[in-house]
Amino acid sequence: MADSSQDKVSITQILNDYFTGLHTGNVETLRAVFHEDVFLKAPGLRRNREDWLQAVASRPVPEAEGETFRFKLLTLDIVNDQAMAKVECPLFDRFYIDFLGLLKENGRWLIVNKMYADQ
């Protein structure tokens with residue numbers, strides 16, 4: 001049986017890296033937390049990891065624009081080697097809610113699915 005407390009620590013670190021990557025615009029930090037075949041989905045929009053990272057790299061950087069770090073984990077459910085996180089991602093004048101699906105494969109947690117929408 002998996003050590004759920006260690007899994008929670010590992011997932012929380014992945015989510016913190018995700019938040020930091022969004023806030024600083026660091027695409028390498030973001031690339032490291034997403035599985036290579038992830039698709040990011042919003043209503044009417046689908047992107048693969050590299051297309052999304054390219055979009056992140058071309059937009060203003062929240063930290064550089066003086067934005068306050070306001071990202072927050074709302075819920076986290078872990079069942080064996082799968083997890084679902086609901087997070088708040090305020091970016092500039094938008095307020096996103098993300099549902100992040102994670103899988104633990106080869107001993108490592110990664111985000112394998114992202115659904116998001118602006119409130």
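The values are calculated or read from the model by the stated rules, or taken from the named source; none is laboratory data. Since this is a predicted model, take the numbers as computed values, not measurements. Backbone-built Cβ (ideal geometry, glycine too); neighbour counts: all protein chains shown.
Out of the residues in the range 81-119 that are touching a strand residue (DSSP E or B) at 6+ places or on another chain (Cβ under 8 Å) and in a loop (DSSP other than H, G, I, E, B), state the one that is nearest to L15 (Cα to Cα).
Once the filter is applied, the top-ranked residue is D81.
Go through the range 86-119 and count every residue that is among the aliphatic types (A, V, I, L, M) and touching an Asp or Glu at 6+ places or on another chain (Cβ under 8 Å). Don't jump to the end; show me each part of the working.
The initial filter retains those residues of the range 86-119 that are among the aliphatic types (A, V, I, L, M), namely 87, 91, 97, 100, 102-103, 110-112, 115, 117.
Now narrow it down to the ones that are touching an Asp or Glu at 6+ places or on another chain (Cβ under 8 Å): 87, 91, 97, 103, 112, 115.
Total satisfying the criteria: 6.
Just a yes or no: is a residue in the range 62-71 surrounded by 14 or more Cβ atoms within 10 Å (Cβ to Cβ) and not in a loop (DSSP other than H, G, I, E, B)?
Checked the range 62-71: no residue is surrounded by 14 or more Cβ atoms within 10 Å (Cβ to Cβ) and not in a loop (DSSP other than H, G, I, E, B).
Are there any helices (runs of 4 or more DSSP H) wholly within the range 1-61 with 3 or more residues that are surrounded by 14 or more Cβ atoms within 10 Å (Cβ to Cβ) and out of contact with any helix residue (DSSP H, G or I) (no Cβ under 7 Å at 6 or more places or on another chain), and if so which?
Passing ranges, in order: 4-24.
So M84 clears everything in (1) modelled with pLDDT under 95; (2) under 15 Å from the mean Cα position of the chain (by Cα) except one condition, right? Which one?
Of everything listed in (1) modelled with pLDDT under 95; (2) under 15 Å from the mean Cα position of the chain (by Cα), M84 misses just condition (1).
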